[in-house]
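Chemist: Got a structure for you, questions after.
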């Protein structure tokens with residue numbers, strides 16, 4: 001039987017390699033011909049405008065991308081007064097970062113993960129509000145910082161796409177059992193670290209997935225050398241930029257201020273044994289060897305008091321037969337009947353509300369803490385007095401009227417400890433799993449570095 005394209009099956013890595021080589025050959029021919037000709041001036045003197053720095057599967061990282069990132073990171077490190085590593089080291093770190101981003105972008109595209117303009121605008125609007133900037137003024141504010149708004153939008157889109165991809169590939173597959181939470185809460189019962197906030201820096205030296213004993217020894221020795229240098233006062237941030245293989249490397253290894261419950265478990269255990277300003281000796285985890293520095297620490301109030309609200313609502317959605325005005329009018333009429341006392345809120349909610357979670361309970365949402373509902377719902381709640389019924393308002397779920405039944409201040413210390421324990425366990429697994437996942441993606445990709 002002759003071997004044809006329909007009968008021959010190649011391993012995925014070999015297919016990607018052949019596709020990349022074909023792409024490389026095509027680009028080389030283009031450069032030798034028409035494309036290069038377009039870069040030459042009329043006088044005949046040639047000037048290459050751009051070139052391929054790395055082939056990544058069937059995509060590329062351009063030299064201009066590397067150069068722009070080098071300039072950006074150099075500027076930031078200089079402003080932070082961080083001594084720059086050797087130019088070759090910095091370029092290598094940045095090239096690896098761009099390779100990882102390209103691999104993630106390709107995988108997101110393959111899986112059909114897309115960030116719509118609507119979702120992007122919502123994220124930008126929220127970011128602007130958090131910084132007390134009107135959304136319409138965001139382009140001008142960025143321009144004053146030397147940042148082009150279209151490029152900023154695309155960077156935000158890439159970051160959102162990466163986040164969605166990690167949620168799919170990493171976070172959605174993690175499971176934290178109630179027993180794990182109970183054990184961590186019990187372990188931390190006498191410790192202050194869960195109530196504190198910590199400014200931590202971190203260096204990761206990765207290990208190959210199936211590392212040999214010799215490779216482990218080599219990486220461990222390198223980690224100990226870096227630890228010795230950091231312990232003797234060498235700038236930790238510069239060491240992170242130079243050697244770390246974590247995603248925080250180009251940020252001087254800084255994880256920033258985090259609550260104790262938000263730190264990976266292994267880091268919280270490390271910082272419990274050291275004082276601010278100290279560097280801990282290397283610790284091995286599945287992703288490699290870690291060197292951790294505790295920069296600062298501050299202890300927060302252990303008691304957590306939360307302002308809760310008790311409310312009920314009626315939800316009606318628009319459809320082909322009922323547009324926004326029709327639904328709003330229906331809810332307005334229902335509100336007037338309830339206020340006049342001719343009908344009961346709970347009875348109407350049971351009869352007409354389209355919220356499957358609360359309709360059978362007469363629209364009752366129970367006692368809830370801040371952040372439970374969408375912003376429009378919470379902002380409407382904030383304006384109501386006890387027993388008052390809101391005017392009809394719209395959220396992403398449809399149209400509502402809502403009645404505030406009460407407010408209270410609740411001691412949520414125990415619940416908060418469990419929440420923090422859960423977040424800490426999740427953060428620990430997430431950091432480890434993300435590093436391992438990125439390493440697998442990198443190992444499985446065809447990468448040809450040309451600069």
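Chemist: Looking at residue 103, is it part of a loop (DSSP other than H, G, I, E, B), within 30 Å of residue 443 (Cβ to Cβ) and either touching a strand residue (DSSP E or B) at 6+ places or on another chain (Cβ under 9 Å) or modelled with pLDDT of 90 or more (or both)? Quick ask: steps written out before the conclusion?
Modeler: On the way: part of a loop (DSSP other than H, G, I, E, B): no; within 30 Å of residue 443 (Cβ to Cβ): yes; either touching a strand residue (DSSP E or B) at 6+ places or on another chain (Cβ under 9 Å) or modelled with pLDDT of 90 or more (or both): yes.
In short, no.
Chemist: Among the residues in the stretch 174-181, are any within 16 Å of the chain's Cα centre (by Cα), at pLDDT 90 or above and either closer than 16 Å to residue 109 by Cβ or assigned to a helix (DSSP H, G or I) (or both)?
Modeler: no
Chemist: Still on this structure: At pLDDT 90 or above and over 18 Å from residue 393 (Cβ atoms): does that describe residue 363?
Modeler: Numbers: at pLDDT 90 or above: yes; over 18 Å from residue 393 (Cβ atoms): no.
No; evaluated as a whole, the condition is false for this residue.
Chemist: I'm trying to understand the selection: among the residues of the stretch 349-360, which are touching a residue at least 12 places away in the same chain (Cβ under 8 Å), surrounded by fewer than 16 Cβ atoms within 10 Å (Cβ to Cβ) and part of a helix (DSSP H, G or I)?
Modeler: Once the filter is applied, which keeps residues that are touching a residue at least 12 places away in the same chain (Cβ under 8 Å), surrounded by fewer than 16 Cβ atoms within 10 Å (Cβ to Cβ) and part of a helix (DSSP H, G or I), the stretch 349-360 yields only 352.
Chemist: Assess whether residue 129 counts as being part of a strand (DSSP E or B) and either surrounded by 12 or more Cβ atoms within 10 Å (Cβ to Cβ) or at pLDDT 90 or above (or both).
Modeler: Values: part of a strand (DSSP E or B): no; either surrounded by 12 or more Cβ atoms within 10 Å (Cβ to Cβ) or at pLDDT 90 or above (or both): yes.
It is false that residue 129 is part of a strand (DSSP E or B) and either surrounded by 12 or more Cβ atoms within 10 Å (Cβ to Cβ) or at pLDDT 90 or above (or both).
Chemist: If you don't mind, another one. Pick out, from the stretch 235-301, the strands (runs of 3 or more DSSP E) lying fully within it that include 1 or more residues that are more than 26 Å from residue 159 (Cβ to Cβ).
Modeler: Working: elements: 254-259, 283-285, 288-299.
Filter on the stretch 235-301 gives 283-285, 288-299.
Chemist: Still on this structure, please answer the following. Report, by residue number, each residue of the stretch 333-352 that is within 19 Å of residue 387 (Cα to Cα) and under 41 Å from the mean Cα position of the chain (by Cα).
Modeler: Of the stretch 333-352, the ones within 19 Å of residue 387 (Cα to Cα) are 333-350.
Of everything in the stretch 333-352, those that are within 19 Å of residue 387 (Cα to Cα) and under 41 Å from the mean Cα position of the chain (by Cα) turn out to be 346, 349, 350.
Chemist: Hey, another quick one. I want to confirm something. Restricting to the stretch 391-428 and keeping residues that are assigned to a loop (DSSP other than H, G, I, E, B), touching a residue at least 40 places away in the same chain (Cβ under 8 Å) and surrounded by fewer than 20 Cβ atoms within 10 Å (Cβ to Cβ), which single residue is farthest from the chain's Cα centre (by Cα)? Lay out the reasoning, then the answer.
Modeler: Here is the first cut: in the stretch 391-428, the residues assigned to a loop (DSSP other than H, G, I, E, B) are 391-392, 396-397, 412.
Narrowing the set further to residues that are touching a residue at least 40 places away in the same chain (Cβ under 8 Å) leaves 391-392, 397, 412.
Narrowing further to those that are surrounded by fewer than 20 Cβ atoms within 10 Å (Cβ to Cβ): 391, 397, 412.
Values: 391: 37, 397: 25, 412: 27 Å.
Among them, the one singled out is 391.
Chemist: Quickly run through the stretch 54-75 and pick out the residues that are in contact with a helix residue (DSSP H, G or I) (Cβ under 8 Å, 6 or more places away or on another chain) and touching a residue at least 60 places away in the same chain (Cβ under 8 Å). Before you say what the answer is, go through the steps one by one.
Modeler: The first filter runs over the stretch 54-75 and keeps only residues in contact with a helix residue (DSSP H, G or I) (Cβ under 8 Å, 6 or more places away or on another chain), leaving 54-61, 65-66, 69-70, 73-74.
Passing the criteria: 54, 55, 56, 57, 66, 73.
Chemist: Next question. List the number of the failed condition for residue 346; all other conditions in (1) part of a helix (DSSP H, G or I); (2) in contact with a helix residue (DSSP H, G or I) (Cβ under 7 Å, 6 or more places away or on another chain) hold.
Modeler: (2)
One line per residue, one yes/no per condition, for (1) within 27 Å of residue 73 (Cα to Cα); (2) under 25 Å from the mean Cα position of the chain (by Cα):
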| position | (1), (2) |
| --- | --- |
| 155 | yes, yes |
| 159 | yes, yes |
| 197 | no, yes |
| 200 | yes, yes |
| 206 | yes, yes |
| 209 | no, yes |
| 215 | no, no |
| 229 | yes, no |
| 232 | yes, no |
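Chemist: Do we have residue 364 as over 30 Å from residue 183 (Cα atoms), loosely packed, with under 13 Cβ neighbours inside 10 Å and not assigned by TED's automatic domain parsing to the domain that holds residue 290 here? Write out each step before concluding.
Modeler: Values: over 30 Å from residue 183 (Cα atoms): yes; loosely packed, with under 13 Cβ neighbours inside 10 Å: no; not assigned by TED's automatic domain parsing to the domain that holds residue 290: yes.
Taking the combined requirement at face value, the residue does not satisfy it.
The values are calculated or read from the model by the stated rules, or taken from the named source; none is laboratory data. Note that the structure is predicted; figures quoted are calculated from it, not measured. Virtual Cβ from ideal backbone geometry, glycine too; neighbours counted across all protein chains shown.
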